[in-house]
Amino acid sequence: MSLLPILRYPDLRLKTLAAPIDEIDDDIRNLARDMAETMYGAPGIGLAATQVDIHKRLIVVDASETRDQLLVLINPELIESEGSRFGEEGCLSVPGIYDKIERAERVVVDYLDLDGNRRRIEAGGMLSVCLQHEMEHLDGKIFVEYLSALKQKRIRSKLLKQARITA
């Protein structure tokens, strides 16, 4: 297993639409393992393949307090959503930036597991938020896009300046 480099906003590769996964093989299983290790090491509660510059429809999430309930979702599809809640979100691709975002309170998501079995998960609370956030990455959307143009500009400038300092 190895840690993968995480793309940082405003890297345009984060806008890439992820392709469906046709075959679940050892490469996909290894990618899921590496993504989980990267997510836990960051530390984060979710990671989409898009964020590690692999544009396939795969996400890993663990929103549990004990950090021992890893979910691997292949080709996740939002089937149902209801309610609304505002909560503070952050993102491993937008380090150090947090803001209030409106999300559905409850979601139902269909996906394939690592054995190719069709699964369905119903989620509320933080898991619901995490699933929505990571699935949007697969569609090339980043949570800061919900913010005003001025906030987006400030975030972009701040992160570009940080990247120059650390380079």
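The values are calculated or read from the model by the stated rules, or taken from the named source; none is laboratory data. Because the structure is predicted, anything quoted here is derived from the model rather than measured. Positions of Cβ are backbone-derived with ideal geometry, glycine not excepted, and every protein chain shown enters the neighbour counts.
Just to be sure I understand, how many residues within the range 40-70 are part of a helix (DSSP H, G or I) and within 19 Å of Asp139 (Cβ to Cβ)?
Qualifying residue count for the region: 4.
Only residues that are within 21 Å of Ser84 (Cα to Cα) and of a type in the set (D, E, K, R): list them for the range 103-119, please.
Arg103, Glu105, Arg106, Asp110
Among (1) at pLDDT 95 or above; (2) closer than 26 Å to Arg156 by Cβ; (3) not in a loop (DSSP other than H, G, I, E, B); (4) not β-branched (Val, Ile, Thr), which single condition is Glu80 missing?
With respect to (1) at pLDDT 95 or above; (2) closer than 26 Å to Arg156 by Cβ; (3) not in a loop (DSSP other than H, G, I, E, B); (4) not β-branched (Val, Ile, Thr), Glu80 is out only on (2).
Cβ-Cβ distance below 8 Å, separation of 6 or more or different chains: which pairs start in the range 3-19 with a residue that is among the polar types (S, T, N, Q) and end on one that is surrounded by 18 or more Cβ atoms within 10 Å (Cβ to Cβ) and modelled with pLDDT of 95 or more?
Hits for this filter: Thr16/Thr50.
Among the numbered criteria (1) basic (Lys, Arg); (2) surrounded by 16 or more Cβ atoms within 10 Å (Cβ to Cβ); (3) closer than 21 Å to Arg118 by Cα; (4) touching a residue at least 40 places away in the same chain (Cβ under 8 Å), which single criterion is violated by Arg29?
For Arg29, the exception is condition (2).
Which one of the conditions (1) part of a helix (DSSP H, G or I); (2) without any contact (Cβ under 8 Å) to a residue 40 or more places away in the chain; (3) closer than 24 Å to Arg33 by Cα does Gln152 fail to meet, given that it meets all the rest?
(3)
So in the range 141-167, with the set limited to residues that are of a type in the set (Val, Ile, Thr) and surrounded by fewer than 13 Cβ atoms within 10 Å (Cβ to Cβ), which one is modelled with the highest pLDDT? Explain how you work it out, then say what you get.
Start the filter on the range 141-167 by keeping residues that are of a type in the set (Val, Ile, Thr), which leaves 142, 144, 155, 165-166.
If we keep only those that are surrounded by fewer than 13 Cβ atoms within 10 Å (Cβ to Cβ) as well, we get 165-166.
Working: Ile165: 80, Thr166: 72.
So, considering only residues that are of a type in the set (Val, Ile, Thr) and surrounded by fewer than 13 Cβ atoms within 10 Å (Cβ to Cβ), the one modelled with the highest pLDDT is Ile165.
Quick grid of which residues meet (1) farther than 13 Å from Val129 by Cα; (2) of a type in the set (Asp, Glu); (3) surrounded by 20 or more Cβ atoms within 10 Å (Cβ to Cβ):
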position: Asp25; (1), (2), (3): yes, yes, no
position: Met39; (1), (2), (3): yes, no, yes
position: Val61; (1), (2), (3): no, no, yes
position: Thr66; (1), (2), (3): yes, no, no
position: Leu71; (1), (2), (3): yes, no, yes
position: Gly83; (1), (2), (3): no, no, no
position: Glu88; (1), (2), (3): no, yes, no
position: Ala104; (1), (2), (3): no, no, no
